[in-house]
Structure formats: C-alpha cells, structure tokens
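Enquirer: Take this structure, written in structure tokens, and hold onto it; I'll ask about it next.
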Amino acid sequence: MVVPNQDSSKPNKPQKSTKSNKSLDRSLPIPVTASAAALAVANPDAAGIDVHSDMHMVCVPANRDANPVRQFGANTADLQQIVAWLKTCRVKTVALESTGVYWIPLFELLESEGFEVNLVEPGQLSRCGARPKTDVLDAQWIQRLHSYGLLRGSFRPPDSVLALRAYWRQRQMQVRYAASHVQHMQKAMEQMNVKLAEVVTDITGLTGMSIIEAILSGERDPIKLAKLRDERCHSSEDQIALALEGTWRPEHLFELRQAHELYQFHHKQITECDQQVQAELARFPNRAGEKTRAHKPRKRGRKSNDVRFDAKGLLFQALGVDLTLIEGIDVGTALVILGEIGADVGRFPSEKHFASWLRLCPPQDQSNKTKKRRGHRKGTNRVTIALRMAARSAGKTMTPLGLFYRRIRSRIGGLGAVKATAHKLACLVYRMLKYGQEYVVQSMEEYEAKMNANMLKALKRKAAAMGFQLTPIPTP
C-alpha cells in the first residue's frame, strides 16, 4: 500500500495504517459482543397475503402445512378457497398489503369470516430491511413481520361509516366533473367573443345560466339577453349587453350546448348522491340525545355545490356535537369528517396522535442535538385537505382563529399558517368528538388579553435574562 506524504504542519491528523500496523492491530484483544436476542413471536397464528389484481400470494406458518406458500386467483371462488385454506391452517390474524383497490373484496370477505385483518401500508414492509423481491418472498416477509408484531394496521372506519363515505366520495367526484364542464362552457363563449364571465361573477349563477339557456334556445339579441339579468347582479344591463355581442359560430355553439348538457347531467347525479347521503345519515344512531343544537346564522347564500337537504340536524344527531359552530367548518367539511373517520375517535389515544395521523404536525429530524429543517409532508387524506380549506376560510374571519392565522402568517408565511390553523382545528374536532363537549366561542377581547399577557411575560423573561427590569410607564 502506498502511504501519502503527511503534512508536518498538521500533527493531529491521524496516520493511515500500513500492513505492519494492521498486523499489530490483530494482536490486540477483540471485545466479544453478545449475540442479538431473538424476536419473540407475538402472533403465532398469523398469515401474510401479497395482493395483486389477478392473483394473491398467501403464506401461513411453516408448521401448519407442507406447502406454506400458495398462489390463488383473484375471482370470488378463489377468495373462498383462501378462506377455507386459512381456516384449515388454524390462522386467526391476517396481514394484507394495501395495493390499489384490489385488497377490498378480500379484506371484506376475511373480516366477515371472523379473521382479524390488518391492512398494512407498503412502506412499512420496505422500512423493515432490504430483501430480494419476488411474490413468494414478499408473502413470506409479510407473514414473518406480522408474526413478530412489527406491522401496524391502517385506520379503517367501521362498516356503518363506509357506505356514507362511498356516497360522499362519489358526490365529490361528480362535483369535480361538473366543474370541468363549467370551464368548457366558458371556453366556448370566449371563442365566440361572448364576455359573459367578465360581467358575471359566476356563469352558473341565476343570471349566467338564464343567459346561456336563452342563447342555446336561439336568442342572439344582446339587449334581450341582458334583460334576463337578476336584480342582485352588480353589472348593469348596458354592460351585459355590450359583453354579449358575439360571433355565434355554429361549431362553438355546439360545444357550448354539449358542455351545458353535461353540466346539468352531473348536477342531476349530485342530487341523487345527496338523496343517498341523506338516507345514510338517517340510519346513524342518535348520539345527541336530549341536547339541542345551537343556531348559527348563515353568512352567505347557498352555492350550486351545497347539499340539497338540511344536513345540520342529521349531522348533529350522528356526531353528538355540532362541528359547524367552529369557524371555517361548514356542512361539507363536517360530512367529510364523519364519512372518513366516523363519530368515534377512540382509535387515536390523544389529539396529538390524531393530528400526526393527519400529517398536520411538523416533522422532527434531530441528530446529535442538531435539528434539521425539513419541508412540509404531503398528504392525500381527505380530512386533511378539508381542514386546510377550513383553515383558509377561518383566516378571513374576525375571530380568535382568524387572529391566530394572521399572527402565524406574519411569522412563517401562509403555508405554515394554514398548517398550524388546521392543526388547531383538528384538535378542536378531536376534543368535541372524544368528550362530547360543545364548542365555546371565545370573544376577541379575551383572546387579545391572553396574547398581551403572554407577550408581557415573554418581555419580562428576556429583560431578566439581560439584567434589566421592566417598569410600567405611569399613566397621567
């Protein structure tokens, strides 16, 4: 080995060992380390299933069958064979890898047959160590980790909530489809140089839809079209008439007609979804009991995407509390919370666990007392998205939550303020659902007095640390 020349000006730099040094090092006593303790089997009757779209790989304990790993199809008859084989092997708990939506039929069937089923996030399997990647080895790895109790099941609401969640997710999808056709209508009118979107706030409002339906019926006179203006519209008839002088090309009129029909069709689907949601809400047990719901005045008119029935009363009975009393949380947000989580938050030990599951907590990354700054964790949880939107709405209000949002935004920006306010909303929701407490609206005077007291306390602490003492200025 060639040893590089060492700089005499750096005597503290360690010398690289040569072959002779290595031979001397071998003569030194080597400390004997104790062998690692073997993991205890927590679930002896555990099985693991690697889920695919066309087949499932199932692994049971090695002492239960001569061939502990078997491949099954994904049809209903194949799922029945999986259940029969697991019962023959005396399996009591099963770990499934969540792959797309392919796990849902097998999960529901196993749960209905009395198995304890854990839905496992694929990231847990990869974080437990590197291994060769085949379907057989994946199933064995899932079974091994689950037998040691190293896998945590994902949160899944009870069956009473799943139907409501399915109907509400379908409704949200229809709302997104309808919104895309609003853009198509606006594009078709812009190509005809019809500037309806410039003089009307919402082309799907009363004035906008009346004018579009008249255009599709054959009306081309801008003055007659402008007379369809609602009296609450901010633009005058002359402004609307000037904006409705278009070219009226037939191909663009055809696009406008199809986009309008599709928009109406999706809103018809939304109405059907609302009927199903109302029926499911009526099936929930009454958790409110004899409590009465406080009235909250409506601050804005109804929008086209709002639910078509009075959902506040049904939500109050299903949840036991009125979440819409919290600033920023409306009926839609409360329905998302009920449909995604349910009324029972006992699965989460504390509000900190609940906020962490929603990814509304700052990530902690510390090494040798050095905290590393990390970006915000991205999440697709629908409750998280709804609470973030509610936080933005609450930030515009003259309430303690609005003051909190603006105070945090002045320090760390809008993104951090949204996350911090959504975290506060999540804690409020958890407490109300966990303990059945009603939301108490704090007055602005109480919040400002509390903030001033905290600020004065911090100033006194800083002054004492620097050897000073704060003295109030006497008032004249």
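The values are calculated or read from the model by the stated rules, or taken from the named source; none is laboratory data. Since the model is a prediction, treat every value here as computed from it, not as a measurement. In this analysis, Cβ positions are derived from the backbone assuming ideal geometry, glycine residues included, and neighbour counts consider all displayed protein chains. SASA here: full protein model, heavy atoms, side chains in, ligands and nucleic acids out. Shrake-Rupley method; radii C 1.70, N 1.55, O 1.52, S 1.80 Å.
Enquirer: Say whether the condition of being surrounded by fewer than 16 Cβ atoms within 10 Å (Cβ to Cβ), over 27 Å from residue 340 (Cα atoms) and in contact (Cβ under 8 Å) with a residue 60 or more places away in the chain is met by at least one residue in segment 128-143.
Expert: yes
Enquirer: Oh, and also: Find all pairs meeting these conditions: Cβ atoms under 8 angstrom apart; at least six residues apart or on different chains; first residue within segment 258-274 and in a helix (DSSP H, G or I) and small (Gly, Ala, Ser); second residue modelled with pLDDT of 95 or more and surrounded by fewer than 18 Cβ atoms within 10 Å (Cβ to Cβ).
Expert: If the second residue must be modelled with pLDDT of 95 or more and surrounded by fewer than 18 Cβ atoms within 10 Å (Cβ to Cβ), the pairs left are 259/184.
Enquirer: Same structure again: Applying the selection to segment 178-229, what residues are in contact with a helix residue (DSSP H, G or I) (Cβ under 7 Å, 6 or more places away or on another chain), closer than 13 Å to residue 255 by Cβ and open to solvent by 70 Å² or more (accessible area, probe 1.4 Å)?
Expert: 184, 186, 191
Enquirer: Among the numbered criteria (1) surrounded by 14 or more Cβ atoms within 10 Å (Cβ to Cβ); (2) modelled with pLDDT of 90 or more; (3) not in a loop (DSSP other than H, G, I, E, B), which single criterion is violated by residue 91?
Expert: (3)
Enquirer: State all residues of segment 215-238 that are within 16 Å of residue 200 (Cα to Cα), in a helix (DSSP H, G or I) and more than 43 Å from the chain's Cα centre (by Cα); if no residue qualifies, say none.
Expert: 222, 223, 225, 226, 237, 238
Residue-wise test of (1) touching a residue at least 24 places away in the same chain (Cβ under 8 Å); (2) closer than 24 Å to residue 178 by Cβ; (3) in contact with a Gly (Cβ under 8 Å, 6 or more places away or on another chain).
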| site | (1), (2), (3) |
| --- | --- |
| 191 | yes, yes, no |
| 198 | yes, yes, no |
| 211 | yes, yes, no |
| 216 | yes, yes, no |
| 221 | no, no, no |
| 236 | no, no, no |
| 248 | yes, no, no |
| 251 | no, yes, no |
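Enquirer: Given the conditions (1) closer than 30 Å to residue 186 by Cα; (2) basic (Lys, Arg); (3) part of a loop (DSSP other than H, G, I, E, B), report the number of the one that residue 287 does not fulfil.
Expert: Here residue 287 meets the rest and fails (1).
Enquirer: For segment 290-307, check the following and say yes or no: at least one residue is in a helix (DSSP H, G or I), closer than 30 Å to residue 226 by Cα, open to solvent by 20 Å² or more (accessible area, probe 1.4 Å) and without any contact (Cβ under 8 Å) to a residue 12 or more places away in the chain.
Expert: From segment 290-307, those in a helix (DSSP H, G or I) are none; that's our starting set.
No; the residues of segment 290-307 include none that is in a helix (DSSP H, G or I), closer than 30 Å to residue 226 by Cα, open to solvent by 20 Å² or more (accessible area, probe 1.4 Å) and without any contact (Cβ under 8 Å) to a residue 12 or more places away in the chain.
Enquirer: Go through segment 366-476 and tell me which helices (runs of 4 or more DSSP H), entirely inside it, have 1 or more residues that are aliphatic (A, V, I, L, M) and in contact with a Pro (Cβ under 7 Å, 6 or more places away or on another chain).
Expert: Per the criteria, 444-465.
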